[in-house]
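A.B. asks: Pasting in a structure now, in structure tokens, and then I'll have a few things to ask.
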Amino acid sequence: MAGLTSFVRVGVLGLCLAAGLTGAGQARAAAGEALMGYWLSQDHDGVFKVERCGDTVCGTLVGMRYDGTDIPHGYDGRPECNIRMLTDFRPLSGDSGRLGGHILDPDSGHVYNAQIWSPKPDVLKLRGYLGLPIFGETQTWTRYTGGPMGPMCKMP
């Protein structure tokens, strides 16, 4: 989880939410649907489930790579399994392909701004940042196609 955690500290994530029924709204809907599902982090140490949460898009950490049976714990002492780390993602005005929202660093409790978008099928770009997107870092996540998670979110 070290790679994922260090990236989260810089900030991460956003996803496309369907909006409207015609024109640009249909493009957003198609992009939003493409982002729903399971995503493998850039360092292959975490799997997120991205889904609709009311009128926004959110993401939950559902799989982690760790040794033994002791699941990693966050800053608050609670297990990181099934923690909602991506919240409040909505379409950005003027940019029909990106969503803006927030990401939680479970090790510090800090929440950062983030954007997500899909430049091509089965690829999710995540940009986490402080203040302005220029002060951030982008990761590339890929669609997760592995087996089911084991007990306590352990990746196969």
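None of the figures in this text is laboratory data; all of them are computed from the coordinates on show. In this text, all values refer to a predicted model and were calculated from it rather than measured experimentally. FYI the Cβ positions are ideal-geometry reconstructions off the backbone, even for glycines, and counts take in every protein chain you see.
A.B. asks: Output the peptides 141-150, 116-125 sorted from most to least packed, where packing is the average of other Cβ atoms within 10 Å over each peptide's residues.
C.D. replies: 116-125, 141-150
A.B. asks: State, to one decimal in nm, how far the label point of Asp76 lies from the label point of Asp43, with both points 7 Å from Cα in the Cβ direction.
C.D. replies: Each label point is offset 7 Å from its Cα along the Cβ direction, giving 2.3 nm.
A.B. asks: Report the extension gain between Tyr66 and Asp122 in nm, rounded to one decimal, defined as 0.36 nm multiplied by the number of residues separating them, less their alpha carbon distance.
C.D. replies: Using 0.36 nm per residue and subtracting the Cα-Cα distance, I get 17.7 nm.
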